[in-house]
Amino acid sequence: MPTVGEIVTYLDQLAARHLAEDWDNTGLLLGDRNRPALKVMTCLTATQAVVEEACDEQVNLLISHHPLPFRPLKIITAESHSSKKVWQLASQGVSLYSPHTRWDSASGGINQQWAEGLDLWNIEPLLPTEEPDPAGGTGRQGTFAQPLSLLEVCHKVKSFLDFVGLFTPLRVVGENEKLIERVGIGCGGADSFLGDAIKAKCDLFITGEARFHNCLEAEEREIGFILTGHYASERFAYDRLAKQLSEKFADCEVWSSRREGNPWNLYSG
Ligand SMILES: [Zn+2]
């Protein structure tokens, strides 16, 4: 039976520490490397429902994309909204590991999975580094084998999301007929990379969510923009990571949270 530490070592290999953004909080954030890891659960976010599932199921290691805690905590009590979940996990002996921006950027991580899922060619990081880093890089860019219309790309994005089991509407900036050859990708709320996608001569940038003014900027600067929703842009990777871990650690029971969901309901009037 593996220890928490052995699984952490494997995760650190998949998503190298140096790939984390400076502002991020990643790695083993809570817990004890020496404890056994019989039950491991993955999730996008350690929400209240996820934390209760982890405690009810006596999970030993929770792997949450979004860090918990993210900011420093001065108190850890059951009364405080910001620290209650940390207290619940710690008091039930649940360790927590967060790969966050490391897994966005890793060579097999979320942005790479998007780029491959959309059949892009010549995939490389969106933000160039001085020397190529085999461990990965920030965002991805690549080209279609032949140009597609923006509407055809929307179909491609939808079928990727359907394939990974997420049925969600897209928000799109740009004319349906706009021709798309080079695509930039940044999962989550990566709209701050819009300028980098323009600099890289992308015809389209795909992310989870964006501020209104960045959508206006995309329209004015004539780059297509597809927003999948934050949840849809990242959650599928945690179903896949659970599967990967259960193959690697056959003695462990590994699953992705069954209680986690998208907080948004769509109301169409
Ligand atoms: Zn995210």
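The values are calculated or read from the model by the stated rules, or taken from the named source; none is laboratory data. None of these values were measured; they are calculated from a predicted model. Cβ atoms come from the backbone with ideal geometry, glycine included; neighbour counts cover every protein chain shown. Please note that ligands, DNA and RNA were not included when accessible areas were found on the heavy atoms of the full protein model with its side chains. Shrake-Rupley method; radii C 1.70, N 1.55, O 1.52, S 1.80 Å.
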Checklist line | DSSP beta bridges in the chain [antiparallel fraction, %, rounded to 5] | finding: 45 percent
Notebook entry, point to check: Using a 1.4 Å probe, what is the accessible area per residue for region 4-100, in Å²?
Noted result: 48 Å²
Item checked: Amide H partners (placed H, <5 Å) of T3, local residues excluded -> A37
Notebook entry, point to check: For region 152-206, which GluC sites (Glu not before Pro) are in a loop by DSSP, counting at most 13 other Cβ atoms within 10 Å?
Noted result: E175, E177
Item checked: Accessible surface, per residue, of region 157-245 when the full set of protein chains is kept, probe 1.4 Å, Å² -> 47 Å²
Check: Per-residue ellipticity at 222 nm for the chain, helices alone: DSSP H runs ≥ 4 residues times -39500 (n - 2.57), over residue total, nearest 500 deg cm²/dmol?
Finding: -9500 deg cm²/dmol
Margin query: Restricting to bridges with both residues inside region 4-100, how much of the DSSP beta-bridge set is antiparallel, in percent to the nearest 5?
Written below: 30 percent
Item checked: Under 9 Å, Cβ to Cβ, from G224 - net charge with Lys/Arg +1 and Asp/Glu -1 -> -2
Next item on the list: For K39, list the lysines whose Cα falls under 19 Å from its own Cα; do not include residues on the same chain fewer than 8 positions away.
Entry: K85, K243, K248
Next item on the list: Distance between Cα centroids, region 135-196 to region 114-131: provide it in whole Å.
Entry: 12 Å
Item checked: 3J(HN,Hα) from dihedral phi, region 219-234, Karplus parametrisation 6.51/-1.76/1.60, rounded to Hz, x for glycine, proline -> 4, 5, 8, 6, 10, x, 9, 10, 10, 8, x, 4, 4, 5, 6, 10
Margin query: Given a 1.4 angstrom probe, I'd like the percentage of the accessible area of the chain that is carbon and sulfur, rounded to a whole number.
Written below: 50 percent
Next item on the list: Using the Karplus curve 6.51 cos²θ - 1.76 cosθ + 1.60 with θ = phi - 60°, work out ³J(HN,Hα) for each residue of region 108-116 in order, rounded to whole Hz, and write x for Gly and Pro.
Entry: x, x, 5, 5, 5, 5, 4, 4, 6
Next item on the list: Report, by chain and number, residues whose modeled amide H sits under 5 Å from the one on G27, excluding near sequence neighbours (fewer than 5 apart, same chain).
Entry: S98
Margin query: So for region 4-100, averaging the separation of alpha carbon pairs under 8 Å that are six or more residues apart and normalising by length, what relative contact order in percent results?
Written below: 36 percent
Notebook entry, point to check: By the gyration tensor of its Cα atoms, with a ≥ b ≥ c the square roots of the eigenvalues, what is the shape of region 4-100: rounded for a/c under 1.5, prolate for a/b over b/c, or oblate?
Noted result: oblate
